[in-house]
Every structure is written in C-alpha cells, then in structure tokens.
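To start, the structure itself, in structure tokens.
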Amino acid sequence: MSTLFISDLHLCSGRPEINRGFFGFLQREAAGAGALYILGDLFEYWAGDDDLDDPFIATVIAPLARLAASGVPVYLMHGNRDFVIGEAFAGASGVTLLPDPTLLSLYGQPTLAMHGDTLCTLDQAYQAFRREARSETWIRNLLQRPLTERKAAIDALRRQSEQEKRTKPEEIMDVAPAEVEATLRRNGYPRLIHGHTHRPARHLHMIDGHACERWVLADWYAAGSYLACDESGCRTVQLSAK
C-alpha cells in the first residue's frame, strides 16, 4: 500500500477531461492508497468557502468525501491559487488541511511536503505579493467582498500574472538552489516533495554530507500523474491522457 502525492491539478469547469481524469484517479488509484496528499492548487482558483454550492465545486467535493469516508486519509495543502480554502470546504469534502510546509515520517523516512512557491525566492515580486496576500488583513478584506466581485478580482489577478510570466526569465520561476538547501538543512535533511513549478523531476542534493532527494510533482494540464511512495522509495506514475 502506497502513499500518493499530487499537486497543481488546477481543476475548473473549463477542463472537463482533466476533471474526469481526477475523478477516475480517486476511484481507482487513490482508493487503494494508504493516504492521499494534495500539495496545493487543487483548483484553478478559490474565491471562498461560500461558493460550495457551485455545481462544479460540488462535483469535486463528492468524490473526495467518498474517498475519505472509505477510510483513505486525504490531506490538502494550500497552493498559490487556492489559499483561501477553509474549514467549510474541509468539512464538506472530508479532507484535512495541512500547513505549508509539513514534515512527515513516511515509512520511517523524514519527508518534507510543500507546495513549493516559497522556494522560488528569485522571483522577488511574487514573494512580495505572496506575503501581502497571505496576511489576515488581505484575506479578510477579500472575503468581505461579494462573491461575484471576488471572482472578478481573482480573474483580473490571474490575467495579470499570466502577462507577467511572459516577460520573466525562466530561471526566476524555478526554485532557488540556495533556498532549497537552506530548507533541507533547516528541517534536518529530509526527502522533499513539492509542486508549483510544473517541472516534474527527481533531484538529488548533497548538503553537508547528506544525500537528499527532491521530487517535483507534475501539473495536470495535459494529463495527470502522481508520486507513489512506500517502504522501497518513491516513483512517478503517469496516468493515461483522456
């Protein structure tokens, strides 16, 4: 029995094929897992827990709740697109919200789970926005606005972000090696699993004489994949494109 990790699904009503792939993954692969960890950006965006009655969101909540009710623990970490997911969504879907980062003991191996955006410290403009947007004041002000107004504001931020990405050097949108090393050192040289960068790979970092694995999870824009970890280690499993 394996523990599964996914991230960056960016689920939305406009990508029905990816949604079907995710629902199938929950019914098949995740149903036999020891636990499922979703490391951020489950949704393309999240405007607030008062949107739970949205028909699309209801179609995501239902299979997550069935999986959790079947006895498979489901853990969810906030991403940069859905960081205002709250306890109402967690209660409806049966997931347990995790802080970012979270240090796990995974089959005896210390494993640090992160979304990954805090590792991208070369993108100083993004990090400044992240600090502002994660503040209690910013979130409170956002959630006090009407839902339709919130969605319009989030859509404007998404368009602005996409425009800015086109002019940013590729290297600043990836993790900063020095920040990765500092994070691994600070947490006792664990294995590291994260998403966010959409650059799936296995890296090996030698830090102070310690060999540390770093697994980067794939996004689900084209087809899904997941990381399966057990006593023997971790491996990436690609799902078939639908």
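Descriptive notes on the structure:
- Between Q109 and E231, the simple spin-label model (points 7 angstrom out along Cα→Cβ) gives 1.4 nm.
- 1.4 Å probe accessible area per residue over the chain, in Å²: 47
- Taking each DSSP H run with n ≥ 4 as -39500 (n - 2.57) and averaging over every residue of the chain yields -10500 deg cm²/dmol at 222 nm.
- Cα-Cα P(r), segment 52-178, percent of pairs per 10 Å interval: 10, 32, 35, 21, 2
- Given charges at Cβ of Lys, Arg, Asp, Glu: segment 1-124 dipole, positive-most of M1, A69, L98: M1
- Rounded to whole numbers, the Karplus 3J(HN,Hα) couplings from phi for segment 150-158 are 4, 4, 5, 5, 5, 4, 5, 5, 5 Hz, using 6.51 cos²θ - 1.76 cosθ + 1.60 with θ = phi - 60°, and x at Gly and Pro.
- Sequence-distant contacts, meaning Cα pairs under 8 Å at least 6 residues apart, place the relative contact order of the chain at 24 percent.
- Each label point was placed 7 Å from the Cα along the Cα-to-Cβ direction; for R15 and A222 their separation is 1.3 nm.
- Per residue, the convex hull around the alpha carbon atoms of segment 114-153 comes to 84 Å³.
- Amide H partners (placed H, <5 Å) of L11, local residues excluded: F43, E44
- Modelled FRET efficiency - R0 25 Å, Q124 with D51, Cβ distances, 0.05 increments: 0.20
- Theoretical gain in end-to-end length, E44 to Q27 [0.36 nm per residue, Cα-Cα removed]: 4.0 nm
- Overall, the accessible surface of segment 77-169 at a probe of 1.4 angstrom is composed of carbon and sulfur to the extent of 53 percent.
- Table column - 3J(HN,Hα) (Hz), segment 160-176, Karplus curve with 6.51, -1.76, 1.60, x for Gly and Pro: 5, 4, 5, 5, 5, 4, 5, 9, 7, x, 4, 5, 7, 8, 9, 5, 8
- Extension gain from S240 to E170, taking 0.36 nm per residue of separation minus the Cα-Cα distance: 22.4 nm
- Over segment 1-117: Rg over Rh, Cα atoms, Kirkwood Rh: 0.94
- Residue by residue, segment 36-52 carries 3J(HN,Hα) couplings of 10, 10, 10, 9, x, 6, 4, 10, 4, 7, 9, 8, x, 6, 7, 9, 5 Hz when phi is fed to the Karplus relation 6.51 cos²θ - 1.76 cosθ + 1.60 (θ = phi - 60°); x denotes Gly or Pro.
- Solvent-free Debye scattering, log10 I(q)/I(0), computed from the Cα coordinates of the chain at q = 0.14 Å⁻¹: -0.95
The values are calculated or read from the model by the stated rules, or taken from the named source; none is laboratory data. The shown structure was predicted, so the numbers you read here are calculated from the model rather than taken from an experiment. Virtual Cβ from ideal backbone geometry, glycine too; neighbours counted across all protein chains shown. The protein model used for the area step is the full one, side chains on, heavy atoms only, and it has no ligands, DNA or RNA in it. Shrake-Rupley method; radii C 1.70, N 1.55, O 1.52, S 1.80 Å.
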